[in-house]
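The values are calculated or read from the model by the stated rules, or taken from the named source; none is laboratory data. Computed from a prediction, not measured in an experiment: that's the story for all the values here. Note that we place each Cβ from the backbone using ideal geometry, even for glycine, and neighbour counts take in every protein chain shown.
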Amino acid sequence: MERIRGIWQRLMSIGAYPGETDAQAARRRIVVGYMVFTSTRICSIGPLRSLGVPVA
C-alpha cells in the first residue's frame, strides 16, 4: 500500500514548483487526477469493445 501511495504522490506532484500556493496546487492535482482517470478509462475501453461489450 505504501508503494501505491508513493506512486500516487509522485503523479500528483507533476508540474509542481517551489512557492506554489495551495489553490494552485489543488487545481494542478485536479487536472493531473483527471488525466490519470481518463487515461485508465481509455485503456480499459479497448478490451471491452473487442469482447462486444457496449461501452457508453
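Only residues that are part of a helix (DSSP H, G or I) and either more than 14 Å from the chain's Cα centre (by Cα) or among the aliphatic types (A, V, I, L, M) (or both) were counted in the stretch 19-43, giving 11. Looking at Arg10, Arg29, just one residue is touching a helix residue (DSSP H, G or I) at 6+ places or on another chain (Cβ under 7 Å) and charged (D, E, K, R), and that residue is Arg29.
Scanning the stretch 3-15 for residues that are outside any helix (DSSP H, G or I) and loosely packed, with under 10 Cβ neighbours inside 10 Å turns up nothing. Candidates Thr21, Thr38: the one that is hydroxyl-bearing (Ser, Thr, Tyr) and either modelled with pLDDT of 90 or more or in contact with a Pro (Cβ under 8 Å, 6 or more places away or on another chain) (or both) is Thr21.
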